[in-house]
Amino acid sequence: MNHESLKSNQLVRNVAKAGASITQKERKSKKTYDAARTREIILDAAEQIFADQGFSAARIDAIATASGYNKSLIYQYFTDKIGLYMEVVKRADQLGDQMLADMSGGLMNDEQLTKDAGKFKLFLETVVRSTYDFLVQHPRFLKIYSWEAAEGWRTWNQISYRPDDITQLLDLAKQAKENGLLRADLDPYYLPILLLSNVGFSMQHFSRFNIDMTGDGELDGKSGAGGSSAHAREQLVRFVVYGIMEPSLL
């Protein structure tokens, strides 16, 4: 075999090797993508079942049927039902945190936040609006929270993941109290409870009082007998802010 033939054969082998390497990378990438997509599909199905039935009544069989995947795969991804539930809660918390971060900009990192009445008022308004908008866009989470409240938060207190919202808000509340931004008779410990729970609890009663809360995330002004979703949101903002802040600052 002459020198040119050897070079040609080597070139063919190198091309084939490179092609095989690319194909392997593509397969690995596709596998990773499919695994992530599978996980999200299972979480979506679990979220729906937990919202409809609560944790206690929810069955992995039903989640498997809704997701289109078998129970073995679900256990492979999430270990058990409580592990799956924890991931649903974790995803909800991360989505909510991202929405608040997007709406508040750099406000939460502003050193003047708990010293400046205007900035603190804007922060409270933003928390209420972002919480409201999040629950409008993700109504299944409102149902999950309702189930938890009905069952005394029994399952919530079993999971190892702990959303840090309460800790962050409590720290801000203590600082704001020291700087005279909160009502004199308000215990800062209750600020996170009043700030977050008033929104969710009020929204649970909207249908009862004919307030239109659209389920697609659009605050479009469509009005029920009790008013539009956007109007209801601003009423909650005023109620929470005026109930928390020192009146002379408003």
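None of the figures in this text is laboratory data; all of them are computed from the coordinates on show. Predicted model only: the values in this text are computed from it and were never measured. Because the Cβ atoms are built from the backbone with ideal geometry, glycine has one as well, and the counts that use them run over all protein chains shown.
Remarks
- Dipole moment magnitude, nearest 20 debye, the stretch 70-119 about Cα centre, only Lys, Arg, Asp, Glu C-beta charged: 300 debye
- Gained length - residue 207 relative to residue 171, 0.36 nm times residue gap less alpha-carbon distance: 9.5 nm
- Near residue 245, the amide H atoms lying under 5 Å from its own belong to 183; only residues 5 or more places off or on other chains count, and H is placed 1.01 Å from N.
- Residue 193 paired with residue 116, simple spin-label distance in nm, labels 7 Å along Cα-to-beta-carbon: 3.2 nm
- Angstrom value of the Kirkwood radius, inverse mean 1/r, which spans all Cα pairs in the stretch 69-129: 14.1 Å
- Trypsin sites (Lys or Arg not before Pro) within the stretch 71-136, DSSP loop, no more than 15 other Cβ atoms inside 10 Å: 115
- Listed pairs 90/177; 90/119; 121/177 exceeding 25 Å between Cα atoms: 90/177; 90/119
- The equivalent ellipsoid that matches the C-alpha gyration tensor of the stretch 57-198 spans semi-axes of 35, 16, 13 angstrom, in descending order.
- Integer Hz, Karplus 6.51/-1.76/1.60 couplings in order for the stretch 89-99, x for Gly and Pro: 5, 4, 5, 4, 5, 5, 5, x, 4, 5, 5
- R0 of 22 Å, Cβ-Cβ distance residue 162-residue 62: FRET efficiency to nearest 0.05: 0.20
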